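The values are calculated or read from the model by the stated rules, or taken from the named source; none is laboratory data. Here the structure is a predicted model, which is why all the values come from computation and not from measurement. With ideal geometry, Cβ positions are generated from the backbone for all residues, glycine too; neighbour counts draw on all protein chains shown.
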Amino acid sequence: MDLFDHSLQEQLSAEAPLAARMRPRTLDEIVGQEHILGPGTLLRRAIEADRLFSSIIFYGPPGTGKTTIARVIANQTQAEFVSLSAVLAGIPDLREVIKDAIERRRLYRRRTILFIDEVHRWNKAQQDALLPHVETGLLTLIGATTQNPYFDVIQALVSRSRIFELKPLSEEDILTLLKRALADPERGYGKRNVLVDADALQHLASMAGGDARSALNALELAVETTPSKDGKVHITLEIAAESIQKRVLRYDKNEDAHYDTISAFIKSVRGSDPDAALYWLAKMLLAGEDPRFILRRLIILAGEDIGLADPQGLVVANAAAQAFEYIGMPEGIYPIVEATLYLATAPKSNSASAYFAAQDKIEAEGAGPVPLHLMDPSRDAKGFGHGAGYDYPHSHPEHWTPQQYLPDGVVGTQFYHPGEQGYEAQVAERVRRWREAQAKALEEKMNSTDEKGKAK
């Protein structure tokens, strides 16, 4: 690096955003993540002893310290630390890293640690190109990702790496970082006369949603845009509220927050908790979730979890979907809310899962032949007797008569077990009577057939 490059680097470092300047440089400066970096933990011991030989992947939401931990490792290791961004770098860049790593190992017996930020953004071919060099130990991989590595990183890399999940920082953690930034004379505002009211500081911490970067960016915006009076910059609650106007919502349609939130929503509706259902619904809509996705899930739930306990559930869910297509947002939120509340407060039944019991039966034993009297008589009634013996239910009182509908080998098998909630309680009683009468009639028929056989 020549003098000009060094000067440029110093300038860029001085002009870097507050969040970048305040990035911890040592393990002791890292706030939060005690479950993986607390005293005596495996990862901390490995970093302190510079014995990080196996690859690791840091997984967690933005602003929780994934890159920070990687940089701390870079500061403490004697190995060559190389950093790539999966957004900007490709296979040619990786080839260059591998070439240098081979030379370094051959000439100096020095290890190479490769940090790949947002490793999930590399496609399968790019990850496959990395794999052999991780397997041989030429490269020790440190990957950072906001997406679940078990889904977005190839299995071969995951199986050869230790996964460490980082959690969102607590409000107390964020407060600690904000106070540190205000006090630090070198990297923060310690040399400036900056006064931040306690309620303003608390507001920044609570609105950051566990994201340190978001909180520090908001503090920087507040300080840098507030005129000084008598040499003092005073940050009030009003100024803090302007600097971070919306609470940070951890939600990305391609990440875990998306799947976890819709899961919480559906489970709340299934569990008949309308308050929780509305809470998760609001989170999804505020975060920009597609209302059609929510409505599709509600329609599925109406069939899966309510079913015949309230047949109107499916009607309401489908009507809400149709109404939304007709109205759109923002007013379209009302049919979504109505469907959510209706389904959350409706009686529940999962009896529709009876289908899968029938499916499993067929898959395990094969499908039995259609009984002769149930066959289509329109084609082969004369030649083969198809349909002979079929008793038309509408010719009887209550439009029902007992007769065999299942194949011979499956007679008596019950797949459907009606629930005792709502409308299905009435269904349960009818089905019970029908099954009892049918079993009795089939037994009498069997006994009659046996007696005829003996008489012959």
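Quick one: is S170 modelled with pLDDT under 90 and hydroxyl-bearing (S, T, Y)?
No; evaluated as a whole, the condition is false for this residue.
Between A181, A200, A208, which is of a type outside the set (D, E), surrounded by 14 or more Cβ atoms within 10 Å (Cβ to Cβ) and at pLDDT below 90?
Numbers: A181 fails: at pLDDT below 90; A200 fails: at pLDDT below 90.
Of the residues listed, the single one that is of a type outside the set (D, E), surrounded by 14 or more Cβ atoms within 10 Å (Cβ to Cβ) and at pLDDT below 90 is A208.
Between V269, V315, which is exposed (fewer than 15 other Cβ atoms within 10 Å of the Cβ) and among the aliphatic types (A, V, I, L, M)? Break it down stepwise before answering.
On the way: V269 fails: exposed (fewer than 15 other Cβ atoms within 10 Å of the Cβ).
Only one candidate passes the filter, namely V315.
Starting from residues that are small (G, A, S) and under 18 Å from I56 (Cα atoms), keep the ones in the stretch 102-145 and report whichever is surrounded by the most Cβ atoms within 10 Å (Cβ to Cβ). Talk me through it step by step, then tell me what you get.
Keep residues of the stretch 102-145 that are small (G, A, S), which gives 125, 129, 137, 143-144.
Narrowing further to those that are under 18 Å from I56 (Cα atoms): 129, 137, 143-144.
Details: A129: 15, G137: 13, G143: 29, A144: 25.
The residue in question is G143.
Any idea which of Y416, Y405, Y390 is among the hydroxyl-bearing types (S, T, Y), farther than 30 Å from K267 by Cβ, surrounded by 11 or more Cβ atoms within 10 Å (Cβ to Cβ) and in contact (Cβ under 8 Å) with a residue 24 or more places away in the chain? First the steps, then the outcome.
Details: Y416 fails: farther than 30 Å from K267 by Cβ; Y390 fails: in contact (Cβ under 8 Å) with a residue 24 or more places away in the chain.
One residue alone meets the criteria, Y405.
Would a scan of the stretch 287-305 turn up a residue that is surrounded by 19 or more Cβ atoms within 10 Å (Cβ to Cβ), touching a residue at least 60 places away in the same chain (Cβ under 8 Å) and among the aliphatic types (A, V, I, L, M)?
No, the stretch 287-305 contains no residue that is surrounded by 19 or more Cβ atoms within 10 Å (Cβ to Cβ), touching a residue at least 60 places away in the same chain (Cβ under 8 Å) and among the aliphatic types (A, V, I, L, M).
Do we have D310 as without any contact (Cβ under 8 Å) to a residue 60 or more places away in the chain and either more than 22 Å from E420 (Cα to Cα) or not hydroxyl-bearing (S, T, Y) (or both) here? Reasoning before the result, please.
Values: without any contact (Cβ under 8 Å) to a residue 60 or more places away in the chain: no; either more than 22 Å from E420 (Cα to Cα) or not hydroxyl-bearing (S, T, Y) (or both): yes.
Against the criterion (without any contact (Cβ under 8 Å) to a residue 60 or more places away in the chain and either more than 22 Å from E420 (Cα to Cα) or not hydroxyl-bearing (S, T, Y) (or both)), D310 does not qualify.
Say whether the condition of being surrounded by 13 or more Cβ atoms within 10 Å (Cβ to Cβ), closer than 20 Å to G188 by Cα and modelled with pLDDT under 90 is met by at least one residue in the stretch 8-18.
For the stretch 8-18, residues surrounded by 13 or more Cβ atoms within 10 Å (Cβ to Cβ), closer than 20 Å to G188 by Cα and modelled with pLDDT under 90: present.
Given the criteria among the charged types (D, E, K, R), part of a loop (DSSP other than H, G, I, E, B) and either modelled with pLDDT of 90 or more or touching a Ser or Thr at 6+ places or on another chain (Cβ under 9 Å) (or both), does D391 qualify?
Spelling it out, D391 is indeed among the charged types (D, E, K, R), part of a loop (DSSP other than H, G, I, E, B) and either modelled with pLDDT of 90 or more or touching a Ser or Thr at 6+ places or on another chain (Cβ under 9 Å) (or both).
Among the helices (runs of 4 or more DSSP H) contained in the stretch 263-369, which hold 2 or more residues that are closer than 22 Å to A425 by Cα, assigned by TED's automatic domain parsing to the domain that holds Q414 and of a type in the set (A, V, I, L, M, F, W, C)? Don't jump to the end; show me each part of the working.
Numbers: elements: 274-286, 291-301, 312-327, 333-345, 354-365.
Ranges flagged: none.
Condition (residue is on the phi > 0 side of the Ramachandran plot and more than 25 Å from the chain's Cα centre (by Cα)) applied to the stretch 226-234: is it met by at least one residue? Steps first, answer last, please.
Step one: of the stretch 226-234, the residues on the phi > 0 side of the Ramachandran plot are 230-231.
Next, from what is left, pick out any that are more than 25 Å from the chain's Cα centre (by Cα): 230-231.
Yes.
Quick test for you: out of Y150, Y59, Y108, pick the one residue that is of a type in the set (F, W, Y) and farther than 30 Å from A19 by Cα.
One residue alone meets the criteria, Y108.
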